[in-house]
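The values are calculated or read from the model by the stated rules, or taken from the named source; none is laboratory data. Everything numeric in this text was worked out from a predicted model, so none of it was measured. Here Cβ is always computed from backbone atoms with ideal geometry, including for glycine, and neighbour counts include all displayed protein chains. With ligands, DNA and RNA removed, areas are computed over all heavy atoms of the protein, side chains included. Shrake-Rupley method; radii C 1.70, N 1.55, O 1.52, S 1.80 Å.
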Amino acid sequence: MNYWTASLLMTELGYSEFNIRAAPILKAFQVCVNTGIDPLEHFIYFDNEKNGKKFKDIKLTRFACYLISMNSDIKKPNVSKAQAYFAAFVATVQQYFVEQQDMERIDLRGQISEHEKMLNSTAKQAGIIKYGYFQNKDYMGLYNMPLSKIRKIKGIPESRTPFDYMGAEELGANIFRITQTDAKIKREKITGQEGLEQAAFNVGKMVRNALIANGSTMPENLPPAEDIKQIKSGLKKTDKAFKSETIKR
């Protein structure tokens, strides 16, 4: 199998300094984690040396290079060229190409899962009894309507979470809502079902008012995005297609 080094790739993409923890690398690694692809198959850490200086580097598969390129700064000319190259390459091995904004969705969707776990834990410690009621108040504050109506408006199946059908803008608003609800409960030491529900509603309303002040589209008016399960499935297919192409070569 052919490998490319992260230090060389980042230089080719137009980044002046190499950092093993550069945002495009970390995001690409996390996309693998959130998609269910083993990142250690594609990111192999090793000690490299250049001009007599040793430094930490990463051996990257073609798929890892693709992910890093798709998570890099599109304003850099070489990044746009790399993305165009990979779009053409993916088209030769399969039909499904994951756009940059969908990569961002996978990252944000993973963040929401982690923040939701934290909020759930915080609410339980604060004495929540009916978590569903508490969660619905959060939605009521942000969307000005209950979760059931959000599902109906956006055509979201009853068995699925709305997060799987949110675009990056809507996911970002919900991350802010969730993290601020968690912070408020901890900061103000709020306890009990009624107090927690009110806190959830107030934070949701605060985020909604911030969106209004910013001139943003209200979240209930944002169109549903493609099911994120399909995006992840497409990435897995791309991973397999890249492996097959490497074997052929």
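Principal axis lengths of segment 14-169 from Cα atoms, whole Å, largest first?
Sorted largest first, the three principal extents are 61, 38, 27 Å.
Can you work out the Karplus-derived ³J(HN,Hα) for every residue in segment 140-154? Use 6.51 cos²θ - 1.76 cosθ + 1.60 with θ = phi - 60°, whole Hz, and x for glycine or proline.
Coupling constants for segment 140-154: 4, x, 7, 9, 6, 6, x, 4, 4, 6, 4, 4, 5, 4, 9 Hz.
Sticking with the crude label model, points 7 Å out along Cα→Cβ, report the distance from N221 to T179 in nm, one decimal please.
Those two pseudo-labels are separated by 2.6 nm.
Going through segment 106-202, which GluC sites (Glu not before Pro) have at most 16 other Cβ atoms within 10 Å and a DSSP loop state?
Working: sites: E114, E116, E158, E169, E170, E188, E194, E197; in loops: E158.
Counting only loop positions with at most 16 other Cβ atoms within 10 Å, the GluC sites (Glu not before Pro) in segment 106-202 are E158.
Between Y45 and Q193, with labels modelled 7 Å along Cα→Cβ, what's the label distance in nm to one decimal, could you check?
With each label point 7 Å from Cα toward Cβ, the separation is 4.7 nm.
Tell me the label-point distance for the pair I153, I74, using the 7 Å Cα-to-Cβ offset, in nm and rounded to one decimal.
Label at I153, label at I74, 2.7 nm between them.
Taking a ≥ b ≥ c as the square roots of the Cα gyration tensor eigenvalues, with a/c under 1.5 meaning rounded and otherwise prolate when a/b beats b/c, else oblate, which class fits segment 30-78? All intermediate terms of the calculation are to be shown ahead of the outcome.
On the way: a/c = 2.91, a/b = 1.27, b/c = 2.29.
The shape class here is oblate.
Taking only protein heavy atoms into account and a 1.4 Å probe, give the accessible area per residue of segment 1-115 in Å².
Values: 6150 Å² over 115 residues.
I get 53 Å² per residue for segment 1-115.
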